[in-house]
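The values are calculated or read from the model by the stated rules, or taken from the named source; none is laboratory data. Predicted, not measured: the structure shown is a model, and the values here were computed from it. Neighbour counts are summed over all protein chains in view; Cβ atoms, including those assigned to glycine, are modelled from backbone coordinates with ideal geometry. Accessible surface is based on the protein model in full, side chains and every heavy atom, while ligands, DNA and RNA are left aside. Shrake-Rupley method; radii C 1.70, N 1.55, O 1.52, S 1.80 Å.
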Amino acid sequence: MPKVSVETVDHVARLAQLSLTPEERELFARQLQEVLAYAEKVQSLDTSSVEPMSHARTCAALREDEPVVGLEREVALREAPDPADHLFRVPRVLGG
C-alpha cells in the first residue's frame, strides 16, 4: 500500500475546504495511514465461512424518526466558512 503523504492530506483538505496547520497536516497523514493499514488487515481476513447478511442488526427494530431541535443560528454561523478565505475552521482539539 502506498504511504499517505502530507500532499495527500493537502489534497483532501482542499477538497473539503479546510485550512490545516503544518502540525495538523503531519498528524492527519499519520492517522490516515493507520486507518488504511487497519482496513487492509480487515480485507485480508478469511470470511469464506461467514454467512452473508443484508445488514447487521443490533436491536429488534429500527427507531421511528422524530423531529428534534437543530442548531441555533449563531452556533451554525460560528462554524461556517470564513468569508475571507472560504475555508472551514478545524477545532484545535488534537490527539496524538
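Of the residues that sit in the range 1-27 and are of a type in the set (Asp, Glu) and open to solvent by 40 Å² or more (accessible area, probe 1.4 Å), which one is farthest from Glu40 (Cα to Cα)?
So the residue we want is Glu23.
Would you call Leu45 among the aliphatic types (A, V, I, L, M) and touching a residue at least 12 places away in the same chain (Cβ under 8 Å)?
Spelling it out, it is not the case that Leu45 is among the aliphatic types (A, V, I, L, M) and touching a residue at least 12 places away in the same chain (Cβ under 8 Å).
Table: residues versus (1) at pLDDT below 85; (2) within 23 Å of the chain's Cα centre (by Cα); (3) among the aromatic types (Phe, Trp, Tyr).
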residue	(1), (2), (3)
Gln43	no, yes, no
Val50	no, no, no
His55	yes, yes, no
Ala61	yes, no, no
Glu66	no, no, no
Glu74	yes, no, no
Ala80	yes, yes, no
Leu87	yes, yes, no
Val90	yes, yes, no
